[in-house]
1. Identify the single condition in (1) at pLDDT 85 or above; (2) open to solvent by 50 Å² or more (accessible area, probe 1.4 Å) that A3 does not satisfy, given that it satisfies every other one.
2. Scan segment 140-155 and give yes if some residue there is loosely packed, with under 14 Cβ neighbours inside 10 Å and not hydroxyl-bearing (S, T, Y), otherwise no.
3. Being assigned to a loop (DSSP other than H, G, I, E, B) and touching a helix residue (DSSP H, G or I) at 6+ places or on another chain (Cβ under 6 Å) narrows it down to one residue among L156, L147, L192; which is it?
4. Give me the pairs, please: first residue somewhere in segment 91-115 and small (G, A, S), second residue anywhere and modelled with pLDDT of 95 or more and open to solvent by 60 Å² or more (accessible area, probe 1.4 Å), beta-carbon distance under 8 Å, and either six or more positions apart or on two chains.
5. T130 - would you say it is β-branched (V, I, T) and modelled with pLDDT under 95?
6. Taking the residues in segment 156-167 that are of a type in the set (D, E, K, R) and under 23 Å from A105 (Cα atoms) as candidates, determine which candidate is surrounded by the fewest Cβ atoms within 10 Å (Cβ to Cβ).
7. Return the pair list, or none, for Cβ contacts closer than 6 Å from residues in segment 40-52 that are in a helix (DSSP H, G or I) and open to solvent by 20 Å² or more (accessible area, probe 1.4 Å) to residues that are at pLDDT 95 or above and not hydroxyl-bearing (S, T, Y), at least 6 apart or on different chains.
Amino acid sequence: INAFSSRVLASLVQARPTLAFREGAAEIDLLESGRTIYGEILLSSTQRVLSSRSTAEIGAKLLPMVLQHLIALSRPVEADDSEGNDIAETLFAEVSQLFRVQLLALSKDNPALHDSCSHNCLRVLKSVVTTNDGAFDETYTPVLKCLALLLQQMELDREDELQCIKSLIDLRCDDSIDKNLQRHVEDAFASLIQGIGLEKFWNVIDFPKLCSKKSLKAVPNQYSWL
């Protein structure tokens, strides 16, 4: 059964269902429903494959690709849809659950595989906060919680990890973002701090350097929220 689940997951990752990726030619509700169902099937299959020691390696290799699909599926069906949609909220809530259960269990059963998988997942997810134009697409607000949960399981001593945390800090310090997004970023940091402890967090971000005299010239201090 586990081998069959692995083959099914691999096929799902390679597929691009017409209804899930179509744009414009059908009702928006129908398209969003198709994308959500496809994403949920991907996630449930990944959870099953990761849960078995005999197939965990396959699941760990496919998980980053599944996350890439979920980011694509979460994009608004219409480019000018300023209200976004609920796809990202639904799918990345399930990603959070996967990180808490299956990925955390992998860190205990196979630390080396977990290390490789978590870094590949981070490279995918951090793309939503390290965009070339510097603007954060609020469609991906639910990803912030997933990033916090993923970072809790990592050593936080590599460039990808530190750059992701820096990008999140820069996002929160951006005066142009709205209060709701500020709250979600703060919630992500609260989760990260609770997960790794305050002392480790201060060391990771080099708090004394971050709040040096130079930074204190800003009124109010842009890092006071931390």
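The values are calculated or read from the model by the stated rules, or taken from the named source; none is laboratory data. Note that the coordinates shown come from a computational prediction; the quantities given were computed from them, not determined experimentally. Every residue, glycine among them, receives a Cβ derived from its backbone with ideal geometry; neighbour counts consider all protein chains shown. Accessible surface is based on the protein model in full, side chains and every heavy atom, while ligands, DNA and RNA are left aside. Shrake-Rupley method; radii C 1.70, N 1.55, O 1.52, S 1.80 Å.
1. (1)
2. We begin by selecting, within segment 140-155, every residue loosely packed, with under 14 Cβ neighbours inside 10 Å; these are 155.
When the remaining residues are screened for being not hydroxyl-bearing (S, T, Y), the result is 155.
Yes - at least one qualifying residue is present in segment 140-155.
3. Selected residue: L156, the only one of L156, L147, L192 that is assigned to a loop (DSSP other than H, G, I, E, B) and touching a helix residue (DSSP H, G or I) at 6+ places or on another chain (Cβ under 6 Å).
4. Every condition considered, the pairs that remain are S96/K145.
5. Judged against the criteria, T130 is a match.
6. Out of the qualifying residues, it is D157.
7. Within 6 Å, the pairs are Q47/L98; Q47/Q102; S51/Q102.
Yes or no, residue by residue, for (1) at pLDDT 85 or above; (2) buried (at least 16 other Cβ atoms within 10 Å of the Cβ); (3) farther than 26 Å from V128 by Cα:
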residue: H184; (1), (2), (3): yes, yes, no
residue: L192; (1), (2), (3): yes, yes, no
residue: L198; (1), (2), (3): yes, no, no
residue: F201; (1), (2), (3): yes, yes, no
residue: S212; (1), (2), (3): no, no, yes
residue: K217; (1), (2), (3): no, no, yes
residue: Q222; (1), (2), (3): no, yes, no
